[in-house]
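Asks: First the structure, which I've put down as C-alpha coordinates, then a few questions once you've had a look.
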Amino acid sequence: MRIIEAKNYDDMSKKAAEIIAAEVTLNPTCTLGLATGSTPVGTYQNLIKKYENGDLDFSQVHSVNLDEYKGLSGEHDQSYRYFMNTNFFNHVNIDKANTSVPNGLSEDAKEECAAYQALLERIGGADLQLLGIGGNGHIGFNEPSNEFKKGVHCVQLAESTIKANARFFETEEDVPKYAYTMGIGNIMNAKMILLLASGESKAQAVCDSFFGSITPQVQASILQLHPNVIVIADSDALSIAKEKGVF
Ligand code: PGA
(Lines give C-alpha, C1' and ligand atoms only; values in the text may rest on other atoms or scores of the structure.)
Protein backbone atom coordinates (compact mmCIF):
# COMPACT_ATOMS: atom_id res chain seq x y z
CA MET A 1 0.00 0.00 0.00
CA ARG A 2 1.34 3.40 -0.94
CA ILE A 3 0.07 6.37 1.06
CA ILE A 4 0.59 9.71 -0.63
CA GLU A 5 0.06 12.88 1.38
CA ALA A 6 -1.65 15.69 -0.48
CA LYS A 7 -1.56 19.27 0.74
CA ASN A 8 -5.32 19.73 0.57
CA TYR A 9 -8.46 18.71 -1.34
CA ASP A 10 -7.39 20.34 -4.62
CA ASP A 11 -3.96 18.75 -4.50
CA MET A 12 -5.54 15.35 -3.74
CA SER A 13 -7.95 15.76 -6.66
CA LYS A 14 -5.16 16.68 -9.11
CA LYS A 15 -3.00 13.76 -8.06
CA ALA A 16 -5.93 11.34 -8.32
CA ALA A 17 -6.84 12.60 -11.79
CA GLU A 18 -3.22 12.13 -12.92
CA ILE A 19 -3.33 8.47 -11.90
CA ILE A 20 -6.70 7.81 -13.56
CA ALA A 21 -5.56 9.66 -16.69
CA ALA A 22 -2.45 7.49 -16.84
CA GLU A 23 -4.62 4.36 -16.66
CA VAL A 24 -6.89 5.58 -19.49
CA THR A 25 -3.88 6.54 -21.61
CA LEU A 26 -2.10 3.23 -21.07
CA ASN A 27 -5.26 1.16 -21.46
CA PRO A 28 -7.90 3.01 -23.53
CA THR A 29 -10.35 0.10 -23.18
CA CYS A 30 -10.05 -0.07 -19.40
CA THR A 31 -12.87 -0.55 -16.93
CA LEU A 32 -12.97 2.12 -14.26
CA GLY A 33 -14.72 1.38 -10.99
CA LEU A 34 -16.20 4.71 -9.97
CA ALA A 35 -17.37 6.30 -6.75
CA THR A 36 -19.74 9.06 -5.74
CA GLY A 37 -19.81 11.48 -2.80
CA SER A 38 -18.08 14.80 -2.19
CA THR A 39 -14.58 13.34 -2.24
CA PRO A 40 -14.22 12.44 -5.96
CA VAL A 41 -15.98 15.54 -7.37
CA GLY A 42 -12.70 17.46 -7.79
CA THR A 43 -11.09 14.42 -9.40
CA TYR A 44 -13.87 14.25 -11.98
CA GLN A 45 -13.49 17.99 -12.62
CA ASN A 46 -9.79 17.54 -13.31
CA LEU A 47 -10.50 14.61 -15.65
CA ILE A 48 -13.08 16.72 -17.52
CA LYS A 49 -10.44 19.47 -17.93
CA LYS A 50 -8.00 16.95 -19.37
CA TYR A 51 -10.68 15.71 -21.77
CA GLU A 52 -11.54 19.27 -22.84
CA ASN A 53 -7.85 19.95 -23.47
CA GLY A 54 -7.80 16.97 -25.82
CA ASP A 55 -5.54 14.95 -23.53
CA LEU A 56 -7.95 12.11 -22.72
CA ASP A 57 -10.32 9.91 -24.69
CA PHE A 58 -13.03 7.97 -22.85
CA SER A 59 -14.74 6.60 -25.99
CA GLN A 60 -13.74 2.99 -25.27
CA VAL A 61 -13.75 3.16 -21.48
CA HIS A 62 -16.28 1.12 -19.49
CA SER A 63 -17.31 1.95 -15.96
CA VAL A 64 -19.00 0.25 -13.03
CA ASN A 65 -20.19 2.17 -10.00
CA LEU A 66 -19.93 1.02 -6.43
CA ASP A 67 -23.43 1.61 -5.24
CA GLU A 68 -26.89 3.15 -5.56
CA TYR A 69 -29.65 4.08 -3.16
CA LYS A 70 -32.50 1.58 -3.16
CA GLY A 71 -35.73 3.30 -4.14
CA LEU A 72 -34.30 6.23 -6.12
CA SER A 73 -34.67 6.42 -9.87
CA GLY A 74 -31.71 7.43 -12.02
CA GLU A 75 -33.48 10.76 -12.61
CA HIS A 76 -33.68 11.60 -8.90
CA ASP A 77 -31.15 14.34 -8.25
CA GLN A 78 -29.69 12.45 -5.28
CA SER A 79 -29.35 9.13 -7.07
CA TYR A 80 -25.85 8.03 -7.86
CA ARG A 81 -26.72 7.55 -11.56
CA TYR A 82 -27.73 11.22 -11.66
CA PHE A 83 -24.54 12.16 -9.79
CA MET A 84 -22.37 10.32 -12.29
CA ASN A 85 -24.15 11.81 -15.29
CA THR A 86 -24.01 15.38 -14.01
CA ASN A 87 -20.55 15.30 -12.40
CA PHE A 88 -18.73 13.31 -15.05
CA PHE A 89 -20.36 11.32 -17.86
CA ASN A 90 -22.24 14.27 -19.46
CA HIS A 91 -18.96 16.18 -19.80
CA VAL A 92 -16.71 13.58 -21.45
CA ASN A 93 -17.02 11.28 -24.46
CA ILE A 94 -17.78 8.08 -22.54
CA ASP A 95 -20.60 6.05 -24.10
CA LYS A 96 -23.33 5.92 -21.43
CA ALA A 97 -24.23 2.45 -22.69
CA ASN A 98 -20.84 1.40 -21.32
CA THR A 99 -21.52 2.80 -17.84
CA SER A 100 -23.20 0.76 -15.12
CA VAL A 101 -24.81 1.76 -11.83
CA PRO A 102 -27.16 -0.56 -9.91
CA ASN A 103 -30.82 0.11 -10.67
CA GLY A 104 -32.32 1.66 -7.54
CA LEU A 105 -35.84 1.05 -8.77
CA SER A 106 -35.61 -2.70 -9.34
CA GLU A 107 -38.73 -4.34 -7.95
CA ASP A 108 -36.86 -7.34 -6.65
CA ALA A 109 -33.77 -6.60 -4.56
CA LYS A 110 -32.41 -10.14 -4.85
CA GLU A 111 -32.68 -10.05 -8.64
CA GLU A 112 -30.97 -6.67 -8.80
CA CYS A 113 -28.07 -7.97 -6.68
CA ALA A 114 -27.75 -11.09 -8.85
CA ALA A 115 -27.89 -9.06 -12.07
CA TYR A 116 -25.22 -6.56 -10.94
CA GLN A 117 -23.04 -9.39 -9.63
CA ALA A 118 -23.33 -11.17 -12.99
CA LEU A 119 -22.34 -7.97 -14.78
CA LEU A 120 -19.27 -7.51 -12.56
CA GLU A 121 -18.24 -11.10 -13.18
CA ARG A 122 -18.65 -10.64 -16.94
CA ILE A 123 -16.43 -7.58 -16.81
CA GLY A 124 -13.96 -9.42 -14.60
CA GLY A 125 -12.89 -6.79 -12.08
CA ALA A 126 -12.10 -3.12 -12.62
CA ASP A 127 -8.68 -2.13 -13.89
CA LEU A 128 -8.78 0.78 -11.46
CA GLN A 129 -11.28 1.16 -8.64
CA LEU A 130 -11.74 4.65 -7.22
CA LEU A 131 -12.92 4.80 -3.60
CA GLY A 132 -13.85 7.36 -0.99
CA ILE A 133 -14.05 6.35 2.66
CA GLY A 134 -16.82 6.89 5.19
CA GLY A 135 -16.16 8.42 8.59
CA ASN A 136 -16.90 4.92 9.93
CA GLY A 137 -14.42 3.31 7.51
CA HIS A 138 -16.99 2.11 5.01
CA ILE A 139 -16.08 1.67 1.35
CA GLY A 140 -18.95 1.62 -1.08
CA PHE A 141 -21.79 1.21 1.39
CA ASN A 142 -20.10 -1.73 3.10
CA GLU A 143 -20.93 -0.68 6.61
CA PRO A 144 -19.20 -1.83 9.83
CA SER A 145 -20.27 -5.40 10.45
CA ASN A 146 -19.13 -8.75 11.77
CA GLU A 147 -18.19 -9.93 8.30
CA PHE A 148 -16.81 -8.82 4.95
CA LYS A 149 -19.58 -9.41 2.41
CA LYS A 150 -18.14 -10.67 -0.87
CA GLY A 151 -20.84 -10.04 -3.46
CA VAL A 152 -23.33 -7.37 -4.43
CA HIS A 153 -25.87 -6.97 -1.64
CA CYS A 154 -28.59 -4.73 -0.36
CA VAL A 155 -27.47 -3.05 2.84
CA GLN A 156 -29.22 -1.15 5.59
CA LEU A 157 -27.34 2.12 5.90
CA ALA A 158 -25.67 2.89 9.22
CA GLU A 159 -27.20 5.69 11.27
CA SER A 160 -23.93 7.66 10.92
CA THR A 161 -24.06 7.29 7.12
CA ILE A 162 -27.65 8.53 6.99
CA LYS A 163 -26.65 11.51 9.14
CA ALA A 164 -23.57 12.23 7.00
CA ASN A 165 -25.58 12.08 3.77
CA ALA A 166 -28.55 14.08 5.10
CA ARG A 167 -26.71 17.22 3.91
CA PHE A 168 -27.72 16.35 0.35
CA PHE A 169 -31.43 15.84 1.12
CA GLU A 170 -34.12 18.23 2.38
CA THR A 171 -34.55 16.32 5.62
CA GLU A 172 -32.83 13.35 7.25
CA GLU A 173 -36.05 11.33 6.77
CA ASP A 174 -35.63 11.68 2.99
CA VAL A 175 -32.33 9.77 3.00
CA PRO A 176 -33.01 6.23 1.75
CA LYS A 177 -32.46 3.58 4.42
CA TYR A 178 -31.13 0.90 2.06
CA ALA A 179 -28.66 0.77 -0.80
CA TYR A 180 -27.25 -1.70 -3.29
CA THR A 181 -23.52 -1.98 -3.02
CA MET A 182 -20.67 -3.92 -4.53
CA GLY A 183 -19.37 -6.26 -1.87
CA ILE A 184 -15.82 -6.23 -0.58
CA GLY A 185 -14.94 -9.24 -2.77
CA ASN A 186 -15.81 -7.29 -5.91
CA ILE A 187 -13.80 -4.27 -4.74
CA MET A 188 -10.82 -6.49 -3.93
CA ASN A 189 -11.03 -7.96 -7.46
CA ALA A 190 -9.87 -4.66 -8.94
CA LYS A 191 -6.33 -4.68 -10.29
CA MET A 192 -5.58 -1.32 -8.73
CA ILE A 193 -7.39 0.60 -6.00
CA LEU A 194 -7.17 4.35 -5.57
CA LEU A 195 -8.68 5.54 -2.29
CA LEU A 196 -9.10 9.24 -1.57
CA ALA A 197 -9.61 10.88 1.80
CA SER A 198 -9.89 14.55 2.63
CA GLY A 199 -10.57 16.42 5.84
CA GLU A 200 -10.43 15.85 9.57
CA SER A 201 -13.74 13.96 9.55
CA LYS A 202 -11.87 11.11 7.84
CA ALA A 203 -8.75 11.18 10.04
CA GLN A 204 -9.89 8.48 12.48
CA ALA A 205 -11.09 6.20 9.66
CA VAL A 206 -7.78 6.65 7.78
CA CYS A 207 -5.76 5.86 10.91
CA ASP A 208 -7.86 2.81 11.82
CA SER A 209 -8.09 1.48 8.25
CA PHE A 210 -4.47 1.69 7.17
CA PHE A 211 -2.53 1.62 10.42
CA GLY A 212 -4.73 -0.64 12.56
CA SER A 213 -5.81 -4.25 12.54
CA ILE A 214 -7.87 -5.77 9.76
CA THR A 215 -11.43 -6.01 10.98
CA PRO A 216 -14.91 -5.93 9.40
CA GLN A 217 -15.79 -3.26 11.95
CA VAL A 218 -13.55 -1.02 9.78
CA GLN A 219 -14.29 -2.33 6.32
CA ALA A 220 -11.55 -0.36 4.52
CA SER A 221 -8.94 -2.16 6.63
CA ILE A 222 -9.23 -5.17 4.28
CA LEU A 223 -7.43 -3.06 1.66
CA GLN A 224 -4.19 -3.73 3.59
CA LEU A 225 -4.35 -7.19 1.97
CA HIS A 226 -4.69 -5.91 -1.62
CA PRO A 227 -1.44 -5.94 -3.60
CA ASN A 228 -1.94 -2.63 -5.40
CA VAL A 229 -3.54 0.14 -3.35
CA ILE A 230 -2.76 3.82 -3.53
CA VAL A 231 -4.23 6.06 -0.83
CA ILE A 232 -4.14 9.79 -1.46
CA ALA A 233 -5.03 11.55 1.75
CA ASP A 234 -4.69 15.21 2.53
CA SER A 235 -2.86 16.45 5.63
CA ASP A 236 -6.10 16.82 7.61
CA ALA A 237 -7.13 13.25 6.83
CA LEU A 238 -3.70 12.06 7.98
CA SER A 239 -3.67 14.19 11.14
CA ILE A 240 -4.50 11.42 13.63
CA ALA A 241 -2.06 8.95 12.05
CA LYS A 242 0.61 11.66 12.34
CA GLU A 243 -0.29 12.49 15.94
CA LYS A 244 0.08 8.83 16.79
CA GLY A 245 3.40 8.68 14.96
CA VAL A 246 2.29 5.85 12.66
CA PHE A 247 2.62 7.93 9.46
P1 PGA B 1 -17.94 11.59 0.95
O2 PGA B 1 -18.40 10.11 1.18
O3 PGA B 1 -16.98 11.55 -0.21
O4 PGA B 1 -19.20 12.35 0.60
O5 PGA B 1 -17.29 12.05 2.21
C6 PGA B 1 -17.44 9.10 1.16
C7 PGA B 1 -18.08 7.80 1.54
O8 PGA B 1 -19.03 7.82 2.36
O9 PGA B 1 -17.63 6.77 1.05
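The values are calculated or read from the model by the stated rules, or taken from the named source; none is laboratory data. Bear in mind that the values here come from a model prediction, so they are computed numbers and not experimental data. Methodologically, a virtual Cβ is constructed for each residue, glycine included, from the backbone with ideal geometry; neighbour enumeration extends over all protein chains shown. For the accessible areas, the whole protein counts, side chains as well, though only heavy atoms, and no ligand, DNA or RNA atoms are used. Shrake-Rupley method; radii C 1.70, N 1.55, O 1.52, S 1.80 Å.
Asks: When the stretch 95-112 is examined, which residues are found to be more than 18 Å from the chain's Cα centre (by Cα) and hydrophobic (A, V, I, L, M, F, W, C)?
Replies: 97, 105, 109
Asks: Go through the stretch 167-195 and give me each residue that's out of contact with any Gly (no Cβ under 6 Å at 6 or more places or on another chain) and of a type in the set (A, V, I, L, M).
Replies: Selection gives 175, 179, 184, 187, 188, 192, 193, 194, 195.
Asks: Which of the strands (runs of 3 or more DSSP E) contained wholly in the stretch 114-222 include at least 2 residues that are within 16 Å of the ligand (Cβ to nearest atom) and farther than 27 Å from residue 238 by Cβ? Give the derivation first.
Replies: Details: elements: 128-131, 153-156, 178-181, 192-197.
So the answer is 153-156, 178-181.
Asks: Just wondering, is there one or more residues in the stretch 27-43 that are within 16 Å of the ligand (Cβ to nearest atom) and touching a Phe, Trp or Tyr at 6+ places or on another chain (Cβ under 7 Å)?
Replies: The initial filter retains those residues of the stretch 27-43 that are within 16 Å of the ligand (Cβ to nearest atom), namely 33-43.
When the remaining residues are screened for being touching a Phe, Trp or Tyr at 6+ places or on another chain (Cβ under 7 Å), the result is 36, 42.
The answer is yes, given that some residue of the stretch 27-43 is within 16 Å of the ligand (Cβ to nearest atom) and touching a Phe, Trp or Tyr at 6+ places or on another chain (Cβ under 7 Å).
Asks: With the checklist (1) under 30 Å from residue 240 (Cβ atoms); (2) out of contact with any His (no Cβ under 8 Å at 6 or more places or on another chain) in hand, flag the one item residue 144 doesn't pass.
Replies: Just one mismatch for residue 144, condition (2).
Asks: So, of the residues in the stretch 86-100 that are open to solvent by 20 Å² or more (accessible area, probe 1.4 Å) and within 16 Å of the ligand (Cβ to nearest atom), which turns out to be farthest from residue 24 (Cα to Cα)?
Replies: Looking at residues that are open to solvent by 20 Å² or more (accessible area, probe 1.4 Å) and within 16 Å of the ligand (Cβ to nearest atom), I get 86.
Asks: Has the stretch 113-135 got at least one residue that is open to solvent by less than 20 Å² (accessible area, probe 1.4 Å) and among the charged types (D, E, K, R)?
Replies: no
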